[in-house]
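Worksheet: one structure, shown below.
Values in this text are rule-based calculations from the coordinates and carry no lab data. Please read all numbers here as calculations on a predicted model, not as lab measurements. Here Cβ is always computed from backbone atoms with ideal geometry, including for glycine, and neighbour counts include all displayed protein chains.
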């Protein structure tokens, strides 16, 4: 299927590097079950990544050799900042045995993440997504394009299935945040998407402490008066977020610090839930939050022709 050729972007804007990752998972078939759609590596992800590189040009990528060779064959590899590695070289790969034990222990108490799935099904996927902040930090440290901002976009975001969304996008990303900008989608007590762990509701059963003022103030600026902070009654669509260069290391360190706190309390999660916990402990004012009115997918704001509503 041909990719949408109408996607545009102002390539004269040099202050954003777009970051992503693409590896063929050892159990690639499991991703179909987790995502509930046909996400084949060769047919879904590789063409999407190609479109992303062609659209933005300034791209920082962690990938495996198969992905790197695909970009070489397309004549695109020299223009991007690329780190080629094995899947087993990802930062948290060595933690997988410990994760698996924790996930098994969580099944009885925190079934939301593992509903209809086994812990082993999640292991490779979670190894991948736990590295998102590391890619941002690496890209900012190298900063091939001398960018002021580093923006995460999932490698599959430009697949043809999203063409209707991107067709309505005018190419504008005007955001110039001073802090890490992440979108939240309030659920107002409704069920979360299946990939967001239930334990976020109950994190204060393990980690006691007051709600930091910085987080409460950040939410108040978004007029989220009906959101219960103790319950963290919102979802974090983590397919797109933007971090200023000068805060990239801080963002990475905060993610790792909170992720380790959760592990010490017997909790392993997707990156969305780590971001939620980070917002609870945001004593340094790391975040500015963008409010999406309703959960319509990762690029709902783009579909509304207002990219900066999300980004």
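Compute the distance in nm between two label points, each set 7 Å from the Cα along the Cα-to-Cβ direction, one at residue 65 and one at residue 260.
Placing both labels 7 Å along Cα→Cβ, they lie 3.3 nm apart.
Arrange the following residues from fewest to most other Cβ atoms within 10 Å of their Cβ: 167, 181.
Working: 167 13, 181 22.
Arranged by neighbour count, lowest to highest, 167, 181 become 167, 181.
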